[in-house]
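Throughout, read-outs are computed from the coordinates displayed, never taken from laboratory work. This one's a predicted model, so the numbers in the text were calculated from it and none came from an experiment. Methodologically, a virtual Cβ is constructed for each residue, glycine included, from the backbone with ideal geometry; neighbour enumeration extends over all protein chains shown.
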Amino acid sequence: MDKLAQLGQDIAALWARSGSQYLHGVANTLILAVVATAIGCLIGFICGILQTIPYTSRDPLWKRFLLKLIRVIIRIYVEVFRGTPMILQAVFIFYGLPYFTNNAMQFTNIWVAAILVVSINTGSYMAESVRGGIISVDPGQTEGAMAIGMTHVQTMVHVILPQAIRNIMPQIGNNFIINIKDTSIMFIIGFTEFFAAHKGVAGATYKYFPSAAIEMIGYLCMTLAASFLLRWMEKKMDGSDSYELVQDDSLTMTAGTYNHPGRGTPFDERNPEAVKSMLREELRRQAERDEAIRQGQLAEQRREGGIHTPNTDRKEGK
Amino acid sequence: MRDAILQVNHLSKSFGTHQVLRDIDFTVSAGDVTSIIGASGSGKSTLLRCINLLEIPTSGEILFHGENILSRKGGAAKYRSKVGMVFQSFNLFNNMTVLENCIVGQTKVLKKGREESREQAMKFLTKVGMAPFINAKPRQLSGGQKQRVAIARALAMEPAVLLFDEPTSALDPEMVGEVLSVMRDLAGEGLTMLVVTHEMAFARDVSNHVVFMRDGVIWEEGGPQEIFVSPRKEETREFLSRFMER
């Protein structure tokens, strides 16, 4: 128990001494993870779309050859970057560039190198996820889009990709969380993210375990926040489970049917004439309803009067 | 003499070595309601899909207003925008509301303005009785409702001819009526329709031309009276009697 108390004290002491260093690391980790995941997704989408362009035996030879070539290149890219450790990819790219250019070209900005490595790595995973996402959308959706005359690009942009993105949201989330953690290996090329902060602080204070405890808590907080955020986004994308029926009454119809009525149209609330005419219409209906009620009451009275008549008749009969 | 909108000449289609359609010839004129009937696997749906270029015919030609669309390079999308299609499985866009489903083709393919497209969409949604549901997503609708929206979506493109691929086959029996009654109305308004169907009553009462397909060829064709009352061929009679028994 006293060990736990001591750990608490050590953590507090470490935080007091180098809290800003840790926070700086957290910020760098998050920025790198977000940017690299976004670029990785972009790479993945481009690869996924290129891979799924259909071709038939009727297409000209050059088109078939080009599409085949694209598929082969993407295949190689995916297999290489999915099949080697990211830590090695970082070293390979970071030291490879100066090696091949005799030091003429170097990564002067460590951010560029880090984002490049993580993006390319994420892209190789996302390429397959996106391909899967596109395949998972019912072929009927493509046929429906083609039947109303959409081109391949229009079909992709308006129909298939919005559904594919929803389907692969869990995958994107996976990659984001993996990136938050795996960017820790970027210390190998000297990128000062959250884990590098631990190395620095622990090296200076020799308090390896308390610093590692801070790291554990820090990473867990980041990933938990990320998964919460992603769940929320998925919910948002699904939209509401219910919908509003648009009634036949003209006023509610206007409200439901025309979400954004154009300026000057009869349904534009900013158009005073339209509002006036709508109000006039409503007043007219109100008057009609009142009239109908009045008529009804009159009829009622007349009927009541009618009930009295037999009495008078009877009297007369007497 | 009415204009021939669609003319199919010597159309054949094979999947690998399996020949599905053999030497199909027929013509659709403006205002025609043509029903294509026949047993499953007789090539009815493939024929319809060939006409819309969802399948590429192996040989033959398809003339649309006199122009062969198979010899023309590219432009399949433009042709499809003039030939509407209603599918057995609806194929509404799941990521859009009912209204968006009916608008997207107009704005993206026909490049019409949003306000104009919305009016057009509302006109046809009202016609099929789905105007109150414009904010619903396809997953929230019943089969019959989805199919009526699909018909409105196709109509909103103002096609020269509308193809129906077994529009009621995926529906529960009590929903078949609502879709058929919409189709009846459309036929009454003079829309040119080509309907693959198992609804014999519809084929008999609504269409003015009936095509009976068997083994990938047009076995017999003619007016509904000829086909249903006095078919010339034994197989046609057999098919129809099998259907009437059921």
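Of note:
- Where only DSSP H runs of four or more residues are counted, chain A gives -27000 deg cm²/dmol as its mean residue ellipticity at 222 nm, each run worth -39500 (n - 2.57).
- B:Met213 long-range amide H proximity, modeled H, under 5 Å: B:Ile37, B:Gly38, B:Trp219
- Normalised by the number of residues in the range A:17-238, the average gap of Cα pairs under 8 Å and 6 or more apart makes the relative contact order 31 percent.
- Short-range pairs are left out: with C-alpha atoms under 8 Å and at least six residues apart, the relative contact order of the range A:10-133 is 45 percent.
- Selection of chymotrypsin sites (Phe, Trp or Tyr not before Pro), the range A:135-239, meeting DSSP coil and at most 12 other Cβ within 10 Å: A:Tyr206
- Per residue of chain B, the DSSP helices (runs of n ≥ 4 H) give a summed -39500 (n - 2.57) that works out to -11000 deg cm²/dmol at 222 nm.
- Taking the number of Cβ atoms within 10 Å of each Cβ as an exposure proxy, the fewest-first ranking of B:His209, B:His10 is B:His10, B:His209.
- In chain B, the longest principal axis of the Cα atoms and the axis of helix B:234-245 are about 50 degrees apart.
- The DSSP beta bridges internal to the protein assembly as shown are antiparallel in roughly 55% of cases.
- For chain A, the longest principal axis of the C-alpha atoms and the axis of helix A:110-136 are separated by about 50°.
- DSSP bridge analysis restricted to chain B gives an antiparallel fraction near 55%, rounded to the nearest 5.
- Built amide H within the under 5 Å cut-off of B:Ile5, gap 5+: B:Val28, B:Ser29, B:Ala30
- Relative contact order of the range B:164-213, pairs being alpha-carbon contacts under 8 Å that are 6 or more residues apart, as %: 45 percent
- Across the range B:146-154, coupling constants 3J(HN,Hα) worked out from phi with the 6.51/-1.76/1.60 Karplus curve, θ = phi - 60°, read 4, 5, 5, 5, 4, 5, 4, 4, 5 Hz, and Gly and Pro carry x.
- Angle between chain A longest axis and helix A:161-182 axis [Cα atoms, degrees, rounded to 10]: 40 degrees
- Per-residue shielding of B:136-143, expressed as the average number of other chain Cβ atoms within 10 Å of the residue Cβ, stands at 2.
- Neighbour-limited loop hits for trypsin sites (Lys or Arg not before Pro), the range B:34-108 (at most 11 other Cβ within 10 Å; DSSP other than H, G, I, E, B): B:Lys73
- Cut-off under 5 Å, modelled amide H: who pairs with B:Val161 long-range: B:Gly84
- Across peptide B:125-133, the mean count of Cβ atoms from other chains lying within 10 Å of each residue's own Cβ comes to 2.
- Set A:Lys235/B:Lys82; A:Lys181/A:Lys235; A:Lys63/B:Lys78; A:Lys63/A:Lys236 screened for pairs whose C-alpha atoms are more than 31 Å apart: A:Lys235/B:Lys82; A:Lys63/A:Lys236
- Whole-angstrom gap from the range B:83-137 to the range B:159-193, using each part's C-alpha centre: 16 Å
- In the range A:1-67, the chymotrypsin sites (Phe, Trp or Tyr not before Pro) that fall in loop regions by DSSP, at most 12 other Cβ within 10 Å: none
- Each Cα pair of the range B:166-224 feeds into the Kirkwood radius, which the Stokes-Einstein equation turns, at 25 °C and 0.890 mPa s, into a diffusion coefficient of 198 µm²/s.
- Take each residue in B:87-94, count the other chain C-beta atoms within 10 Å of its C-beta, and the mean is 6.
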